[in-house]
Amino acid sequence: MQIGIAGLPGAGKTTLFNALAHQHASVGGYAGAEPNLAVVKVPDERLDRLSALFQPVKHTPAEVRFVDVAGVAGGMGQDSSAAVLAHLRTVDVLLQVIGAFQSDRGPRADFEDFSLELQLADLSQIEKRVDRLEKELRLGAKGTPAERAAKERELGVLGRLRPVLEAGQPARSVALDADEHKTIASFGFLTLKPTLIVLNLADEQSGAEVLSEFGGLAADVPLTGVLALPGKLEMELGELSPEDAAEFMEALGVSGSELGSVTTEAYRLAELISFFTAGDDECRAWTIRRGTNAQDAAGEIHSDLARGFIRAEVIRWDKLLEAGSEAAAKKHGWVRQEGKAYIVADGDVLHVLFNV
Ligand SMILES: Nc1nc2c(ncn2[C@@H]2O[C@H](COP(=O)(O)OP(=O)(O)OP(=O)(O)O)[C@@H](O)[C@H]2O)c(=O)[nH]1
Ligand SMILES: [Mg+2]
C-alpha cells in the first residue's frame, strides 16, 4: 500500500512522515521538489503470533510506502502545484495534514483551502482531457467504432465528475462502479482517493475540540476519515528508546501513540485487508483489496499460483493458533477447501495448491 502525505506549507507533513516512517528528513525548512520516500513494515499482532507458533526462517510483514511531498497553496501557480501533486497520483490513500497547531484562520479553513487545491488540480486534468476527447470525436473519422465508444464512455464519466468538482466537492462523492473507475484510473485523480484528514495538534492541544469542527465530515463525504494527533510529539517519541518513550508518555499523561491508527485507518478507507501464508520457511502477510477472490489473492503471491490454481486450504489465523498446527487443524475439520471464486476474508491463512 502507498500512502501520500499532502497539505498546506508548514502543516507538519514531514514531521508526520518522520514519525510514521522513523525517518530523519529535515523539517521546518522549505521543502524541495523531490518527495521524501520511505517503506515501513506494518506491525500485525496476528502475524507475530503465527511466527511465534511456526518459528519460520523468514518473518515478512506487509509494507507501506509513504510519500511526503512539498506543501501546496493558492498563489503558487497551477503549474508548480500540479508538479508537486503529480507525485501523489499513484498512492492508494491520501493523508491530508492540517496544521491545527499553528493555523491562523482555523483548521477548518485550512482544510477548505487545501481541498480547493486538490479540486483545481483534478479539474484542470479533466478540462484538458474533455477538450481533447471532444475534438477527437468531432473529427470523427479517426478510430474504430469500439474506440469511439470507449471515448464516449470516458467522456461520460468525466462529465459526471466535473460539475461535482466545480461545486467544490471531491470526486469521491460521486458513486462510480468498477468499470467506470477503470475508465479513469490512469488519471489518478486526487480527490477520488480515500482521504484521511490528520489534524496535527500542538503538544498540549485538545483533539476533541479540533475534531468537533470536522464533525459529520467523515460521515457526509464517502471514503473520508478524520483523526487528530500531536505530530511533533509523536516524532520525538519515536526517536526515544521504548523505555524512555514509555516514561516520557507517563510524565505527559499520554496513554499511547496514535500513529498505529493512521495505518489502520488507511487500510480501512482503502478497503484493504490482509491474508497470511504460514509455514516453517516463512510467515508472511499479504495486502489485498476487500472482495478479492482466492485465485487473484494467490496471484499476489506468485503469478504461477493464479495460473495453475487448483484450490486453497483456508483457516482463520486464530483457529490455526488454537489448533497448534496445520495437521491438528485438519484433524479438527477446521481447514476448508475453497475454490477460485472464494472471497478471501481478513485474517485468513491460505495454503494454495496449484499445478503448472
Ligand atoms: N508545535 C508543533 N509544531 C509542529 C508540529 N508539526 C510540525 N511542527 C513544526 O512546524 C514546522 C514545519 O514542519 P514540517 O514537518 O517541516 O512541515 P511540512 O508540512 O513538511 O512543511 P513543507 O514541506 O515545507 O510544506 C517545523 O518547525 C515543525 O517543528 C506539531 O504537531 N506541533
Ligand atoms: Mg515537508
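The values are calculated or read from the model by the stated rules, or taken from the named source; none is laboratory data. Since the model is a prediction, treat every value here as computed from it, not as a measurement. When we count neighbours, we look across all protein chains shown, and the Cβ atoms used for this are built from the backbone with ideal geometry, even at glycine. Ligands, DNA and RNA are excluded from the accessible area calculation, which covers all protein heavy atoms including side chains. Shrake-Rupley method; radii C 1.70, N 1.55, O 1.52, S 1.80 Å.
In table form, for the structure just shown:
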| read-out | value |
| --- | --- |
| Cut-off under 5 Å, modelled amide H: who pairs with ILE310 long-range | LEU353, PHE354, ASN355 |
| Residue-wise HN-Hα coupling along the range 72-80, computed from phi with Karplus coefficients 6.51, -1.76, 1.60 (Hz; x: Gly, Pro) | 10, 9, x, x, 7, x, 4, 5, 6 |
| Helix-only mean residue ellipticity at 222 nm for the chain, each DSSP H run of n ≥ 4 adding -39500 (n - 2.57), per residue, nearest 500 | -13000 deg cm²/dmol |
| Cα-centre dipole for the range 291-354 with unit charges at Cβ (Lys and Arg positive, Asp and Glu negative), debye to 20 | 280 debye |
| Selected from ASP79, ASP48, ASP68 as most flexible by GNM, with the chain as the system and alpha-carbon contacts under 10 Å | ASP79 |
| ³J(HN,Hα), Karplus 6.51/-1.76/1.60, whole Hz, each residue of the range 250-262, x for Gly, Pro | 5, 4, 8, x, 9, 7, x, 6, 8, 4, x, 6, 4 |
| Long-range lysine pairs (8 or more apart or interchain), the range 2-268, Cα under 16 Å | 7 |
| Under the Karplus curve 6.51 cos²θ - 1.76 cosθ + 1.60, θ = phi - 60°, whole-Hz ³J(HN,Hα) for the range 224-241, x wherever Gly or Pro sits | 10, x, 9, 8, 10, 7, x, x, 5, 4, 4, 5, 5, 4, x, 7, 8, 5 |
| Listed residues ALA328, ALA228, ALA178, most fluctuating in the chain (Gaussian network, C-alpha, under 10 Å) | ALA178 |
| Accessible area of the chain belonging to carbon and sulfur atoms, whole % at 1.4 Å probe | 52 percent |
| Probe 1.4 Å, protein heavy atoms only - accessible area per residue of the range 2-268 in square angstrom | 50 Å² |
| Average silhouette area of the range 260-356, convex hull of alpha-carbon atoms, in square nanometres | 6.6 nm² |
| Cβ-defined net charge surrounding PHE66, 13 Å radius [Lys, Arg +1; Asp, Glu -1] | 0 |
| Cα gyration tensor shape of the chain, rounded if a/c is under 1.5, else prolate or oblate by comparing a/b with b/c | oblate |
| Nonlocal amide H pairs with GLY10, under 5 Å, H built at 1.01 Å | GLY71 |
| Cα centroid of the range 135-186 to Cα centroid of the range 308-356, whole Å | 41 Å |
| Listed residues VAL72, VAL97, VAL27, most fluctuating in the chain (Gaussian network, C-alpha, under 10 Å) | VAL27 |
| Backbone N under 20 Å from the ASP79 label point (7 Å along Cα→Cβ), restricted to the range 110-154 | 117-118, 120-129 |
| Long-range HN-HN contacts of ALA100 with modeled amide H, under 5 Å | ASN200 |
| Modelled FRET efficiency - R0 56 Å, ALA86 with ILE343, Cβ distances, 0.05 increments | 0.95 |
| Whole-Å distance, taken between Cα centres, linking the range 26-98 and the range 225-251 | 19 Å |
| 14 Å beta-carbon shell around LEU211, net charge (K/R +1, D/E -1) | -3 |
